[in-house]
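Each value in this text was obtained by applying a stated rule to the coordinates, not by laboratory testing. In this text, all values refer to a predicted model and were calculated from it rather than measured experimentally. With ideal geometry, Cβ positions are generated from the backbone for all residues, glycine too; neighbour counts draw on all protein chains shown.
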Protein chains: 2
Amino acid sequence: MPNPTAAMLVIGDEILSGRTRDANMHHLAQELARAGIDLREVRIVADDEEAIVAAVNALRSRWQTVFTSGGIGPTHDDITADAIARAFGVGIGVRDDARAILAARYEKMGTELNEARLRMARIPDGATLIENPVSGAPGFTLGNVHVMAGVPAVFQAMVASVLPGLTGGTPLISRGLRVERPEGDIAGPLAEIASDYPALSIGSYPFIQQGRYGANIVFRGTDAAEIEAAMARLASVFPGETR
Amino acid sequence: MPNPTAAMLVIGDEILSGRTRDANMHHLAQELARAGIDLREVRIVADDEEAIVAAVNALRSRWQTVFTSGGIGPTHDDITADAIARAFGVGIGVRDDARAILAARYEKMGTELNEARLRMARIPDGATLIENPVSGAPGFTLGNVHVMAGVPAVFQAMVASVLPGLTGGTPLISRGLRVERPEGDIAGPLAEIASDYPALSIGSYPFIQQGRYGANIVFRGTDAAEIEAAMARLASVFPGETR
């Protein structure tokens, strides 16, 4: 049976403007690979309601699970919850259980639950909350879409809350072999190996280091023995040039 | 006049599987911001022809310029050129000028221009070549789509080849102010500033460091004086807590 599929939507002006380098996508990709869920597509859009609605609807209809990051805080540019509600055609408002979580949190910290913070209790109708052990304000799940914070520590905590509840597949095993030969020399033998091991996904990722050409060949699949066999075959074709 | 728009398509199993952390998107985002071109959307898809064709066609019809990275090398998993030809409905074959570039390069290196390497001279009909001063094999431009390599050093060289030929806009200036207060305290005053400076894009990017909450407030726009004024206003609201 093929593994479940997933997509991610990053809502992030700060990434599109080059200010920030993504960290959440990389984290989620690694966690999903471990869980046997295939991350098939990522989109990054601006803090723009039209763009978020269109992307969420495209991704949720195409892939089994969608994760979003960003835009659920208290400031004026946090518009993700409203966009998700609109994408699903449902209402949105401050919800008692979310408000109670925030109230308890801020009381403990001696912080005022002001109007801005209360925005974080606005949850689309029909959603369930995602726990946020780091900073309180919850994410939420609506249909097959998990809406999470953009702050990496919070995003990671929410991923940890959500993942155990998802049906995983066979974890993808990935092994790499570094071949210190130009990719053009590797290509022919590699294509033969790829055709002899159709169950494996074999990728070639070239590099240039100090003027020398090489490629990291990555074998991915669910059968460790098969991966080792394909790697051994490649190593035998390029003896002394793999490690 | 609004700035020209752009999108990027990353073709990369290695990013979706969590093996590699993106570098090219971050580089392009920074270069485009400097050139006054607004990067509005990024998509990352697998090394899958259907997925590439669909994404290229969606992005090129929506944004003024599209940049792709990855999948134009000599190995079996390099399918980008064919996918681009299909997306545009044009033919593809080994082209003399591209072959001549490769032949000259490999002759100088004493390397054989074998069948695998010749794949890199396959260029969709009607495309113009993008120079690759790093490793020879060219990228290409077809319509409003610039097809470039995934190896960061080569990607960066190709971006440098392409950018001067594009019509830029007013470079986006971006200034940040770090406020050492929880975002929930910043949100109210910040919303007022955002509404008083409608020409600026004002983002709030919260952080948690050693258990302390704060946010980097980023002001983006094309008028430096306006940005400084908005920053000064924020600093006056939170004296002693900004830097």
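In degrees between 0 and 90, to the nearest 10, how far off the longest principal axis of chain A does helix A:224-237 point, with axes built from Cα atoms? So the helix axis and the longest Cα principal axis differ by about 40 degrees. Semi-axis lengths, largest first, of the ellipsoid equivalent to the protein assembly as shown are 42, 27, 19 Å, with √(5λ) applied to each eigenvalue of the Cα gyration tensor.
Of A:Q209, B:Q64, A:L118, which is farthest towards the positive pole of the protein assembly as shown's charge dipole, taken about the Cα centre with +1 and -1 on the beta-carbons of Lys, Arg and Asp, Glu respectively? Projecting each Cα onto the dipole axis, the largest value belongs to A:Q209. With Cα atoms defining each centre, the range A:131-200 and the range B:64-125 are spaced 29 Å apart in the structure.
Farthest toward the positive end of the dipole of the range A:5-165, out of A:G165, A:H27, A:I84, is the Cα of A:G165, where the dipole comes from beta carbon charges about the Cα centre. Relative to the longest principal axis of the Cα atoms of chain B, helix B:96-109 runs at roughly 90 degrees. Kirkwood analysis of the Cα pair distances in the range A:116-168 returns a hydrodynamic radius of 11.4 Å.
Using a/c under 1.5 as the rounded threshold, could you call the range B:76-175 rounded, prolate or oblate? The axes a ≥ b ≥ c are square roots of the C-alpha gyration tensor eigenvalues, and prolate needs a/b larger than b/c, oblate otherwise. Oblate, because a/c is 1.5 or more while a/b does not exceed b/c. Charges were assigned to the Cβ only: +1 to each Lys and Arg, -1 to each Asp and Glu. The resulting dipole of the range B:5-165 about its Cα centre is roughly 360 debye. Counting charges near B:R122 (Lys, Arg +1; Asp, Glu -1) among other residues having Cβ under 9 Å from its Cβ returns a value of +1.
Positive end of the dipole of the range B:173-237 (Cβ unit charges, origin at the Cα centre): among B:L177, B:S195, B:A232, the Cα lying farthest that way belongs to B:L177. Per-residue Karplus couplings for the range A:51-67, computed as 6.51 cos²θ - 1.76 cosθ + 1.60 with θ equal to phi - 60°, are listed in order as 5, 5, 4, 4, 5, 4, 5, 5, 6, 6, 7, 9, 10, 5, 9, 10, 10 Hz, Gly and Pro entered as x.
The Kirkwood radius of chain A, taken over pairs of alpha-carbon atoms, gives through the Stokes-Einstein law at 25 °C and 0.890 mPa s a diffusion coefficient of 122 µm² s⁻¹.
The same position B:A160 in the other copies lies at 4.3 nm from this copy, comparing label points 7 Å beyond Cα toward the beta-carbon, shortest first. With the Cα gyration tensor of the range A:174-237 giving a ≥ b ≥ c as the square roots of its eigenvalues, does the rule (a/c under 1.5 for rounded; else a/b larger than b/c for prolate; else oblate) give rounded, prolate or oblate? Taking the square roots of the gyration eigenvalues as a ≥ b ≥ c, the range A:174-237 is prolate. In this Cβ point-charge picture (+1 for Lys and Arg, -1 for Asp and Glu), the protein assembly as shown has a dipole of about 500 debye about its Cα centre. Take the convex hull of the alpha carbons in the range A:1-120; its mean projected area over all directions comes to 9.2 nm². The magnitude of the dipole of the range A:121-243, with charges of +1 and -1 set on the Cβ of Lys/Arg and Asp/Glu and taken from the Cα centre, is near 300 debye. With all pairs of different C-alpha atoms in the average, the Kirkwood value for the hydrodynamic radius of the range A:115-243 is 18.2 Å.
Expressed as a whole percent, how much of the Cα-Cα distance distribution for the range B:1-70 exceeds 15 Å? The answer is 52 percent, as a whole percent.
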